[in-house]
Amino acid sequence: MRFVIDAGHGGFDPGACGNGLREADLTYDISAVVSRELIKHGHTVILTRPNKGTAPNNAVTKNAELSVRYTLANKSNADVFCSVHINAGGGTGTEAIVYKVGNKATTYARKVVDNLAPLMGNRGVKDLEQLRRNLAVITKTKMPALLVEVGFIDNATDATKMKANIERIGCAIAAGLMLESYDIIPKPMPTPAPKSTPTPQPNPVTTLTINGKPITTDIILTGSGISYAPVRILAETLGYTVEWDNATRTIKLTKETI
Ligand SMILES: [Zn+2]
């Protein structure tokens with residue numbers, strides 16, 4: 001498909017300003033990501049404002065600047081026109097504007113808003129009649145056209161989110177224009193299961209008796225069918241003499257036979 005991506009404002013016109021941000025800068029940076037993503041997916045992109053510092057076609061008045069946008073769009077034979085803007089004037093969240101809700105552009109607008117909403121909040125898709133606005137980039141473009149207002153530059157929370165998420169916002173808009181979903185909220189890294197340190201098991205109490213006489217020791221170990229008991233206590237109970245030869249590491253058990 002062919003898309004016209006229109007970064008709102010620029011050049012002499014900074015657009016809305018607030019919280020240390022300029023609309024023209026945000027729309028340019030977001031549009032650059034949108035464009036990159038669409039191209040990556042095999043689409044053609046026409047940018048109305050290809051340079052960050054200058055207005056389209058170096059226009060010096062707002063009217064000239066606007067006419068360049070829709071004239072270029074109409075010449076481009078594009079399938080969809082998407083203008084990227086940042087709102088102002090008190091409020092929060094993303095909204096998209098189309099000529100008439102229900103037209104073909106509405107499908108793209110809804111998907112774009114739905115993709116941005118988990119991060120920015122959802123103000124829905126509106127039309128010019130509802131908003132009592134006349135936007136040249138919507139009324140004068142021949143193809144399905146939408147204008148997305150990502151968030152409010154004069155709302156500190158929106159401004160912070162937009163500044164920190166240019167990349168994700170651009171990807172979400174691009175996905176929406178391709179009618180695809182995009183998870184804009186970063187998934188938390190799965191927390192690794194805590195390493196299980198084996199809790200030491202107390203030795204099961206094992207009782208040893210020799211000829212009915214219980215042997216008291218706490219070092220009788222049993223397991224896998226084998227029992228370990230101290231030699232000396234066993235042997236001496238049975239009447240043996242126990243000798244330990246450290247040099248040869250030998251235990252000698254001897255029993256005097258009379
Ligand atoms: Zn604007």
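Selection within segment 87-110: residues that are among the small types (Gly, Ala, Ser) and part of a loop (DSSP other than H, G, I, E, B). The member of this set that is surrounded by the most Cβ atoms within 10 Å (Cβ to Cβ) is GLY93.
Within segment 54-81, being within 16 Å of the ligand (Cβ to nearest atom), part of a helix (DSSP H, G or I) and hydrophobic (A, V, I, L, M, F, W, C) holds for LEU66, VAL68.
Yes or no: PRO50 within 31 Å of the chain's Cα centre (by Cα) and open to solvent by 50 Å² or more (accessible area, probe 1.4 Å)?
Details: within 31 Å of the chain's Cα centre (by Cα): yes; open to solvent by 50 Å² or more (accessible area, probe 1.4 Å): yes.
Taking the combined requirement at face value, the residue satisfies it.
If I filter segment 185-226 down to residues being among the charged types (D, E, K, R) and at pLDDT 70 or above, which single residue comes out as least open to solvent (accessible area, probe 1.4 Å)?
Of everything passing the filter in segment 185-226, LYS213 is least open to solvent (accessible area, probe 1.4 Å).
The single residue among VAL137, VAL125, VAL150 that is part of a helix (DSSP H, G or I), in the same structural domain as PHE81 (by TED's automatic domain parsing) and of a type in the set (A, V, I, L, M, F, W, C) turns out to be VAL137.
Considering every residue within segment 174-184, establish whether at least one is small (Gly, Ala, Ser), modelled with pLDDT under 85 and open to solvent by less than 90 Å² (accessible area, probe 1.4 Å).
No: zero hits.
Of VAL113, VAL84, which residue is in contact (Cβ under 8 Å) with a residue 60 or more places away in the chain and part of a helix (DSSP H, G or I)?
On the way: VAL84 fails: part of a helix (DSSP H, G or I).
Going through VAL113, VAL84 in turn, just one is in contact (Cβ under 8 Å) with a residue 60 or more places away in the chain and part of a helix (DSSP H, G or I): VAL113.
The values are calculated or read from the model by the stated rules, or taken from the named source; none is laboratory data. Remember, predicted model here, so these are calculated numbers, not experimental data. Here the Cβ is made from the backbone with ideal geometry for all residues, glycine too, and neighbour counts use every protein chain on show. Just the protein is used for accessible areas: all its heavy atoms, side chains included, with ligands, DNA and RNA removed. Shrake-Rupley method; radii C 1.70, N 1.55, O 1.52, S 1.80 Å.
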